[in-house]
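Right, one structure below, let's go through it.
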Number of protein chains: 2
Amino acid sequence: MIEIHPLEGVPELVEGDDVAEHVVRVVELRDHDIVVLAQKLVSKAEGRVVRLADVEPSQFATTLAGTDGDARHLEVILRESRRVVRARQSFVIAETSHGFICASAGVDASNTPSEGSVVLLPDDPDASAARIRERIRELAGATVGVIVSDSFGRPWRQGTIDVAIGVAGLPALLDLRGTRDASGRELRTTQIAVADELASAAELVMGKDRAVPGAVIRGLQLEGEGTAADIPIPEDLDLFR
Amino acid sequence: MIEIHPLEGVPELVEGDDVAEHVVRVVELRDHDIVVLAQKLVSKAEGRVVRLADVEPSQFATTLAGTDGDARHLEVILRESRRVVRARQSFVIAETSHGFICASAGVDASNTPSEGSVVLLPDDPDASAARIRERIRELAGATVGVIVSDSFGRPWRQGTIDVAIGVAGLPALLDLRGTRDASGRELRTTQIAVADELASAAELVMGKDRAVPGAVIRGLQLEGEGTAADIPIPEDLDLFR
């Protein structure tokens, strides 16, 4: 049996705050627990917040923004992007510097510290996860897995699901190659995106409108370690670029 | 807190078997429980199994199969498809008759009852979910939600995640329009694909290589009812067709 506990009682964080300290203060962690943290919590503690008043939009950003968008917001999105994958009016789907493809390159204007500011993804979410994991070990003596999660839309299916953008202390992908199905035949599905599934499971207790910025998943023992950087499909293998 | 219990002790089912009866035999269900069932369990009980020896491949199927594929398998995939979205050698991503876009139109050769047969998606997975839900109410007196799940790949990210292809007694999408974030500003993310997240959460205890064909999720109270047919993005709104 797996348990998913909401992370309750964590206040709004600001740059320089110690995420791990706030986590261990509200939950008693055990070895093998998986701590899932909303990207926004981690980003705010890392100071990844931009005041739109400080942003000078480029000509491209102004064009993309058109009449319905904010050119400064678009400018921030473009700075976070390696490539624009699709754009419809001011709605942009971009490949981030990390290689994730998502709406607005992960730049978000909801749940920001103040009106007129936007929150960026962590600079290196795998490193964030690893750092928080180490710090939890220091503070609580527990060896846990850490996932930094974000809500992504996806082609073909409505609604967002939470996925892993940072992973430490657990595999991002479970490799089933060589394993057999219940009838003894080799499996065709070769990889399960277990970190993404964990992020989605955690979202069930988080909720966008409530102040629950994470969850602890207990009862799963996963072998191996990976990073969220393992997840993006290499461009030459991707049928949808 | 949410609990996810593996559905253990359900035998291999065949056409005509009563799925609900097998579920209530191994788990004591309560109101508001969400029963997630692997598509293959449901499909087998509905007799959605095709023996490849009985299939006459078309010319198109033979062409797609090339030298590395089985033309009869491709023929079954094409019969289940409304449209081929991408094909690379014998690997086909198709839109199914239900409107889902997935590998092989959901036709699967692993975990089949016998070598040389393939399992199709249920004809109407929402109806399957609704039927099983009603039957559980009859047998156990519990009003539960039911999800029929399957493992889908996705663009850009490696690995499969489980998603909902049939839903009854719970919403497929949680509509957050009009709700506000923790700082009181209106949310931009408008829908959460909660049924997909539940399917992914259930997969964590299922595992492809073990004989766990489902899970019970307990501790979540979701308002409203929807169907998996609500999930596909209407073609004119989809940036990736």
What is the Cα radius of gyration of chain A over 2.2 N^0.38 Å, N being its residue count? 1.05
Given springs between every Cα pair under 10 Å in a Gaussian network model of chain A, which of A:Asp196, A:Asp68, A:Asp108 has the largest fluctuation? A:Asp68
By counting other Cβ atoms within 10 Å of each Cβ, how are A:Leu7, A:Leu222 ranked from fewest to most? A:Leu222, A:Leu7
Where the only charges are on Cβ atoms (+1 Lys, Arg; -1 Asp, Glu), what is the dipole of chain B about its Cα centre, to the nearest 20 debye? 580
Net charge contributed by nearby residues that have their C-beta within less than 13 Å of B:Pro57 (K/R +1, D/E -1): -2
Mind putting together the pair-distance distribution for region B:1-62? All Cα pairs, 10 Å bins, whole percent per bin, short to long. 17, 39, 22, 13, 9, 1
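With r as the distance between the Cβ atoms of A:Ala211 and A:Gln89 and R0 = 30 Å, compute the FRET efficiency 1/(1 + (r/R0)^6) and round to 0.05.
The formula returns an efficiency of 0.40 here.
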Could I have the simple spin-label model distance between A:Glu21 and A:Ala53, label points 7 Å from Cα toward Cβ, reported in nm to one decimal? 2.9
Of B:Thr96, B:His22, B:Val194, which is farthest towards the positive pole of the protein assembly as shown's charge dipole, taken about the Cα centre with +1 and -1 on the beta-carbons of Lys, Arg and Asp, Glu respectively? B:Thr96
Using unit Cβ charges (K, R positive; D, E negative) and no other charged atoms, how large, in debye to the nearest 20, is the dipole of the protein assembly as shown about its Cα centre? 600
Just to confirm the numbers: B:Ala211, label point 7 angstrom along the Cα-Cβ line, distances to the other copies in nm, shortest first? 5.0
How big is the Kirkwood radius of region A:49-119, worked out from every pair of different alpha carbons and given in Å to one decimal? 11.9
Count, for each residue of B:147-156, the Cβ atoms from other chains sitting within 10 Å of its Cβ, then give me the mean as a whole number. 5
Across the identical copies, how the B:Ala142 labels are spaced - nm, sorted shortest first, 7 Å along Cα→Cβ: 2.8
Rel. contact order, % - alpha carbon contacts under 8 angstrom, at least six apart, region A:49-119: 29
I'm checking a number: the convex hull volume of the Cα atoms of the protein assembly as shown, normalised per residue, in Å³. What is it? 138
Magnitude of the Cβ-charge dipole of region B:49-119, K/R +1 and D/E -1, about the Cα centre, nearest 20 debye? 280
A:Thr160's amide H: which non-local residues (gap 5+, or another chain) put their own amide H closer than 5 Å, with H modeled 1.01 Å from N in plane and none for Pro or chain starts? B:Gln191, B:Ile192, B:Ala193
Amide H partners (placed H, <5 Å) of A:Ser117, local residues excluded: A:Leu52
Along Cα-to-Cβ, 7 Å out, sits the label point; list in nm, shortest first, how far the one on A:Thr62 is from those in the other copies. 6.2
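Since every read-out is calculated from the coordinates, none of them should be taken as a lab result. Predicted model, so just to flag it, every value in this text is computed and none were measured. Methodologically, a virtual Cβ is constructed for each residue, glycine included, from the backbone with ideal geometry; neighbour enumeration extends over all protein chains shown.
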